[in-house]
Amino acid sequence: MKNKIIATVLTAALSLGLMAGCAKKKDDTVIRVGSLKGPTTIGIVNLMDKSSKGESEGNYEFTMSAAPDEVTAKVVAGDIDIALVPANLASVLYNKTEGGVTAIDINTLGVLYCVTGDSSVTSIKDLAGKTVITTGQGATPEYSLRYLLDQNGVTDCTIEFKSEATEVAAVLAEDPTQIAVLPQPFVTVACAQNEAIAPVFALEDEWQTLTNGLGMVTGVTIVRNEFLKEHPAAVSTFISEHQASVNAANSDLDTTAALVVANDIIGKEPIAKKAIPSCNIVCITGDSLKTNLSAYLEVLYNYEPKSVGGKLPGDEFYFKG
């Protein structure tokens with residue numbers, strides 16, 4: 001009898017263990033996530049770390065690219081399921097794929113700054129007759145800068161594009177009188193490496209002046225609709241884990257800074273800790289997603305329709321969850 005009782009208890013324990021194991025079992029769906037080297041990836045480094053340790057709820061493969069067009073090509077080719085891209089490119093992709101993608105969250109707000117050692121530059125109007133070096137040709141940095149220049153009557157500013165922010169920083173290191181528009185965290189990195197330069201104004205401030213307080217939306221997270229239709233639960237899991245990762249990035253600077261350095265986004269932890277709070281990393285979903293993003297895209301569309309792919313996305317572009 002004693003042996004039977006022990007056997008029964010062991011069987012029950014084993015059954016409960018198996019049930020618990022099943023309850024905690026990961027979704028086997030692999031979610032291929034693409035992001036850009038910068039704030040969008042900073043927002044997911046904590047999730048990337050959890051995933052690498054097998055501690056995330058979702059099953060992920062992460063790819064970080066240096067240029068927006070690299071991510072765009074992979075989305076169009078179906079090689080990426082979820083992508084963190086410049087705000088206007090989210091709309092461009094929506095139009096290019098004939099409504100084949102959906103915006104699921106805003107991941108970054110205003111991060112662009114004018115950086116220089118030229119003391120004559122203090123506002124967007126001071127860029128008249130000057131050359132500005134920046135990144136993001138065909139993406140948010142270019143169109144935001146051009147919009148601000150145009151609205152302030154600056155018609156003779158030359159914009160010179162580089163493929164990566166590190167190239168821009170190298171130019172500033174050689175000649176601090178050069179003028180650049182850079183996103184965080186590269187602003188902090190460049191200024192830490194060269195005391196002769198400093199951020200002189202934020203494009204966010206200039207933008208709000210023109211739009212009655214409307215903020216810039218820098219980064220948006222999109223999903224291919226084919227993937228969303230087949231794996232809605234996996235997408236919901238990603239959004240939840242993205243939010244948790246963003247919360248960790250904004251609250252645990254020590255851990256996040258170490259991960260940012262480990263992922264070769266910033267070279268040193270003290271600089272990363274200083275830069276992260278200025279990166280405006282968020283995870284905005286639902287009604288706020290549509291309110292903020294649609295208003296931002298409308299400003300760009302009214303200025304230059306091709307900046308958002310020729311037409312504004314319809315309501316179906318915005319994920320309601």
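The values are calculated or read from the model by the stated rules, or taken from the named source; none is laboratory data. A quick note: this is a predicted structure, and the numbers were derived from the prediction, not measured. Because the Cβ atoms are built from the backbone with ideal geometry, glycine has one as well, and the counts that use them run over all protein chains shown. Accessible surface areas use protein heavy atoms only, side chains included; no ligands, DNA or RNA. Shrake-Rupley method; radii C 1.70, N 1.55, O 1.52, S 1.80 Å.
Just a few scattered comments:
- Among (1) without any contact (Cβ under 8 Å) to a residue 12 or more places away in the chain; (2) aliphatic (A, V, I, L, M); (3) not in a helix (DSSP H, G or I), the one test that Val282 misses: (1)
- When Ala190, Ala196 are screened for being touching a Gly at 6+ places or on another chain (Cβ under 7 Å) and of a type in the set (Gly, Ala, Ser), only Ala196 passes.
- Checking each residue in region 289-310 for being farther than 11 Å from Leu214 by Cα and of a type in the set (A, V, I, L, M) picks out Leu289, Leu297, Leu300, Val308.
- Screening Asn107 with (1) under 13 Å from Thr140 (Cβ atoms); (2) in contact with an Asp or Glu (Cβ under 9 Å, 6 or more places away or on another chain); (3) outside any helix (DSSP H, G or I); (4) not basic (Lys, Arg) gives one miss only, at (2).
- Under the condition of being open to solvent by 60 Å² or more (accessible area, probe 1.4 Å) and more than 22 Å from Leu149 (Cα to Cα), the residues counted in region 293-321 number 6.
- Here Cys283 fulfils each of the conditions (1) modelled with pLDDT of 95 or more; (2) under 23 Å from Leu47 (Cα atoms); (3) surrounded by fewer than 22 Cβ atoms within 10 Å (Cβ to Cβ) apart from (3).
- Output for region 83-101, where each listed residue is over 29 Å from Asp205 (Cα atoms) and in contact with a helix residue (DSSP H, G or I) (Cβ under 6 Å, 6 or more places away or on another chain): Gly100, Val101
- Against the criterion of being out of contact with any Lys or Arg (no Cβ under 8 Å at 6 or more places or on another chain), β-branched (Val, Ile, Thr) and assigned to a helix (DSSP H, G or I), Val200 does not qualify.
- Scanning region 172-190 for residues being open to solvent by 10 Å² or more (accessible area, probe 1.4 Å) and over 20 Å from the mean Cα position of the chain (by Cα) gives a total of 6.
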